[in-house]
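Notes follow once the structure below has been shown.
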Amino acid sequence: MTRHWARPRQNRICPSILSADFARLGDEIALVARAGADFLHVDVMDGQFVPNISFGAILVRAMRRLTSLPLDVHLMVVEPLRFLEEFAKAGADHLIVHLETVEDPVRALREIRARGLRAGLAIKPGTPLTGYLPALAGCDLALVMTVEPGRGGQPFLEGSPKRIAAVREAIDRESLDCLLGVDGGISPETARIAARAGADTFIAGNSIFCAPDPAEALHAIRRSVEPA
Ligand code: DX5
Ligand code: ZN
């Protein structure tokens, strides 16, 4: 693993394939890869932690054969530790678990890193940050949900910037080598707001894959978060 993965601050744009056209998944991935996507975000939903079911490790395995981009797998599932091995074997590069689904977040992150993967910790919009911030010391990617997890195409919640800023403060105070991602309702406008609050990693589904020109939509998000 590289030292300084998060520093100096570099913005990452990560299309979420939840909003892609699955009948043309290979083409959709190639398109955003050519447009300069940094990671591909893969939303795994179990119908329990969130109301919907999406897909599992079998899709990650197929995507692994389609791209060399890092696969950023967001586990919106109960008892995520049961599935770490399966997703690691399928070719995930980053595994993100939810604070709300693990008894001991520090141990969960350690179990992910023990498999040679980057470890992420996500938090829902309504969960207090008190149990979250202390766990970031063992984390490669802090993921602040900016919508209620469970589906794409929802509006960015207005309470998000304050939470992003609190996480940024914790990361900087401890000089942690941790990315700060935002997920949900990210467009060029909301990405700029999130970047000002301290985010450096922008996950976007709807605003990229449902745009008439997904490559241009990705570039527009990148431009909006670059310093003027
Ligand atoms: C929501 C997922 C997101 C989703 C974002 O539960 O975690 O990754 O794909 O989609 P948009 O960008 O459409 O809000
Ligand atoms: Zn996600």
Fraction of alpha-carbon pairs in region 83-142 farther than 20 Å apart, rounded to whole percent, equals 19 percent
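Roughly what % of DSSP beta bridges within region 1-160 run antiparallel, to the nearest 5?
Around 5 percent of the beta bridges assigned by DSSP in region 1-160 are antiparallel ones.
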How big is D, in µm² s⁻¹, for region 1-93 by Stokes-Einstein at 20 °C and 1.002 mPa s if Rh is the Kirkwood radius over C-alpha pairs?
-> 152 µm²/s
Residue by residue through region 86-94, the couplings from Karplus 6.51 cos²θ - 1.76 cosθ + 1.60 with θ = phi - 60°, in Hz, x for Gly and Pro, are 4, 6, 4, 5, 6, x, 5, 9, 10
Each residue of region 162-172 in order: what ³J(HN,Hα) in whole Hz does its phi give by Karplus 6.51 cos²θ - 1.76 cosθ + 1.60, θ = phi - 60°, with x for Gly and Pro?
-> 4, 6, 4, 4, 5, 5, 4, 4, 5, 5, 6
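Output needed for the chain: three equivalent-ellipsoid semi-axes, defined as square roots of 5 times the C-alpha gyration tensor eigenvalues, in descending order, whole Å.
After diagonalising the Cα gyration tensor, the semi-axes are 23, 21, 17 Å.
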Given DSSP loops and a limit of at most 16 other Cβ atoms within 10 Å, what is the longest stretch of the chain that contains no such GluC sites (Glu not before Pro)?
-> 1-102
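Subtract the Cα-Cα distance of GLU226 and THR127 from 0.36 nm times their separation in residues, and report this length gain in nm to one decimal.
32.7 nm
Run lengths n ≥ 4 of DSSP H only: what is the helix-derived mean residue ellipticity at 222 nm for the chain, with -39500 (n - 2.57) per run over all residues, to the nearest 500?
After summing the helix terms and dividing by the residues of the chain, the value is -9500 deg cm²/dmol.
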Using a Förster distance of 25 Å, the FRET efficiency for ARG34-HIS4 (Cβ separation, nearest 0.05) = 0.35
Going fewest to most other Cβ atoms within 10 Å around each Cβ, LEU176, LEU71 line up as LEU176, LEU71
Where in the chain lies the longest segment free of trypsin sites (Lys or Arg not before Pro) that are both loop residues by DSSP (not H, G, I, E, B) and have at most 14 other Cβ atoms within 10 Å?
-> 116-228
The exposure ranking of VAL60, VAL97, fewest beta-carbon neighbours within 10 Å first, is VAL60, VAL97
Once the mean of 1/r over all distinct C-alpha pairs in region 178-228 is inverted, the Kirkwood radius in Å reads 10.8 Å
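Any read-out appearing in this document is the output of simple, stated calculations on the displayed coordinates, not a laboratory observation. None of the values given here were measured: they were computed from a predicted structure. In this analysis, Cβ positions are derived from the backbone assuming ideal geometry, glycine residues included, and neighbour counts consider all displayed protein chains.
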